[in-house]
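The values are calculated or read from the model by the stated rules, or taken from the named source; none is laboratory data. In this text, all values refer to a predicted model and were calculated from it rather than measured experimentally. Methodologically, a virtual Cβ is constructed for each residue, glycine included, from the backbone with ideal geometry; neighbour enumeration extends over all protein chains shown. Ligands, DNA and RNA are stripped out before the accessible areas are found, and what is left, the full protein with its side chains, is counted by its heavy atoms. Shrake-Rupley method; radii C 1.70, N 1.55, O 1.52, S 1.80 Å.
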Amino acid sequence: MLKKLILIFILLSFFLSFSQKTKAITEFRKEIDTIIKVRKSYFNNRGRLIKEVRFGGYDIISKTFRNRIKNITYYKNRKKLETNCEYFISSDTCIALPFSKYNYNKKKKTEKRIFYDSDSLIISITETKELRQKKYVTIYAWDFDPVKEPNYKTAFVIKDTLFFDKKRRILESYSYRENSEKPVIIEKYNYRKDGYTLQKESYGKKSIIEIKYSKQQIWANKRNLEYDFSNGENYYYEFESY
């Protein structure tokens with residue numbers, strides 16, 4: 001009986017949210033006879049994700065529950081700052097984790113993302129050039145030896161070229177490593193109303209992946225809401241609207 005009441009409440013919350021702008025979504029997962037809160041995501045009026053809390057379990061060493069918190073700041077609907085921290089509940093302390101800063105050049109239509117370690121050393125720099133239906137991405141990475149100042153000669157370089165359809169969905173993606181002339185990873189997408197087919201070739205190995213959207217995901221995609229619903233019968237959602 002309790003399970004039915006919970007399900008009815010969640011479904012009603014979901015359908016009522018169709019005509020309103022979504023402020024927050026809380027995800028729950030059922031494990032045996034227990035309902036566990038997994039994450040809570042917050043959105044602005046444009047449907048952009050501004051905060052996400054992933055609820056963790058009990059930490060034996062610190063003797064407290066801890067959560068992972070992400071905060072995103074925007075300027076003119078462009079990302080400016082993304083921070084992450086590990087929140088220890090009993091001590092009300094949030095330990096800083098790696099974070100990102102973004103800079104956008106409107107005239108050149110370029111974006112630079114600098115990804116920092118928690119001690120402010122640079123882990124990677126991602127430079128993006130946007131065209132109408134194409135995007136060029138170059139990543140300079142120092143994953144194993146973060147640097148104070150970027151030295152592009154010592155960086156591991158990844159270059160991606162992405163092609164989009166009119167709905168800004170990825171049609172094809174080509175990924176190059178260092179000075180390779182041919183792409184090492186190729187992805188091609190074929191979309192349907194209820195999902196898509198991904199044809200992937202990674203370092204010579206080919207695979208086909210079929211993705212089917214849930215009803216909630218179809219709803220989110222139509223509303224341009226930055227949210228990925230988990231697949232499976234054991235997941236439930238609660239909606240909050242503006």
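A few notes on this one:
- For Thr154, the accessible surface of its heavy atoms amounts to roughly 90 Å² (probe 1.4 Å, protein chains only, rounded to the nearest 10).
- Fraction of the pair-distance distribution of the chain above 27 Å, Cα-Cα pairs, percent: 52 percent
- Rg in Å to one decimal, and Dmax rounded to a whole Å, for the stretch 38-104 via C-alpha atoms: 13.7, 43
- Sparsely packed chymotrypsin sites (Phe, Trp or Tyr not before Pro) within the stretch 121-191, loop by DSSP, other Cβ within 10 Å at most 15: Phe144, Tyr152
- In units of the rule-of-thumb radius 2.2 N^0.38 Å, the stretch 59-187 shows an alpha carbon radius of gyration of 1.28.
- If the chain linking Ile35 and Lys222 were pulled fully straight, counting 0.36 nm for each residue of separation and taking away their Cα-Cα distance, it would gain 64.4 nm.
- If you bin all the Cα-Cα distances of the stretch 10-122 at 10 Å, starting from zero, the percentages per bin are 12, 31, 32, 19, 5, 0.
- Around the amide H of Tyr227, modelled in the peptide plane, lies no amide H under 5 Å away from a residue 5 or more places distant or on another chain.
- Solvent-accessible area per residue, Å², over the chain with all protein chains present [probe radius 1.4 Å]: 68 Å²
- For Phe164, net neighbour charge (Lys/Arg +1, Asp/Glu -1) across residues whose Cβ lies under 11 Å away: +4
- Of all accessible heavy-atom area on the chain, the percent that carbon and sulfur account for (1.4 Å): 53 percent
- In loop segments of the stretch 156-242 as defined by DSSP, the GluC sites (Glu not before Pro) with at most 11 further C-beta atoms inside 10 Å of their C-beta are Glu178, Glu181, Glu233.
- Take the Cα of Phe156, step 7 Å toward its Cβ, do the same at Ile208, and the gap between the two points is 3.2 nm.
- DSSP-loop trypsin sites (Lys or Arg not before Pro) across the stretch 80-161, with at most 11 other Cβ within 10 angstrom: Lys106, Lys107, Lys108, Arg132, Lys148, Lys153
- Helix axis angle, 2-16 relative to the chain longest principal axis, alpha carbon, degrees: 60 degrees
- Sites Lys51 and Phe144, calculated FRET efficiency, Cβ-Cβ separation with R0 35 Å, nearest 0.05: 0.70
- Dividing the Cα radius of gyration of the stretch 135-242 by its Kirkwood radius returns 1.07 for Rg/Rh.
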